[in-house]
Amino acid sequence: MTSPWDLYDQLIDEIPADITVTAIHTDGKWRRVATSEDGAGMAFGMNVQSRPRALEDPSDLVGRPLRDVAALAKSWNFEDAGVGMAAVNAYHSHPVRALAHGFRPCKENNWARTFHP
């Protein structure tokens, strides 16, 4: 039997232990994480404290393994979960990795058609 958390576990487990967080920004609506392998990821952040926070100051996570920060994606605190998803995205959206998994960049910015079928 599979769990709804299996996808998160798989995404987190693929992150090598030697990649670290070099910067975290939590201002505004977006959570941004940069990594020691020149990766960068974003995720939507909610300024809602649904559970006790795992961290008081997100900048305390700079220097920590990316995999540990990515595990926050499974937090029931939405603010922490946003930081965790930005960390997951920082690893999986790295250009080398994304291209290897079939991502093809657009020739033009098509944000206006993001949800167009």
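Structure data summary
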{"item": "Long-range HN-HN contacts of TRP30 with modeled amide H, under 5 Å", "result": "GLY45"}
{"item": "In region 22-103, trypsin sites (Lys or Arg not before Pro) in a DSSP loop with at most 16 other beta-carbon atoms within 10 Å", "result": "LYS29, ARG53"}
{"item": "Residue among GLY63, GLY41, GLY84 with the largest mean-square fluctuation in a Gaussian network model of the chain, springs linking Cα atoms under 10 Å", "result": "GLY63"}
{"item": "Amide H partners (placed H, <5 Å) of THR20, local residues excluded", "result": "SER36, GLU37, LEU66"}
{"item": "Where the Cα pairs of the chain fall when distances are cut into 5 Å bins, in %", "result": "2, 12, 20, 22, 19, 14, 8, 3, 0"}
{"item": "Simple spin-label estimate for LEU7 and ASP68 in nanometres, 7 Å along Cα-Cβ", "result": "2.8 nm"}
{"item": "In region 1-90, chymotrypsin sites (Phe, Trp or Tyr not before Pro) in a DSSP loop with at most 12 other beta-carbon atoms within 10 Å", "result": "TRP5, TRP76"}
{"item": "Residue order, fewest to most surrounding Cβ atoms within 10 angstrom, among GLU56, GLU37", "result": "GLU56, GLU37"}
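Laboratory data are not the source of any read-out in this text; all were calculated from the coordinates shown. Just so you know, these numbers come straight off a predicted model, no measurement behind them. Positions of Cβ are generated from backbone atoms using ideal geometry, with glycine treated the same way; all protein chains shown enter the neighbour counts.
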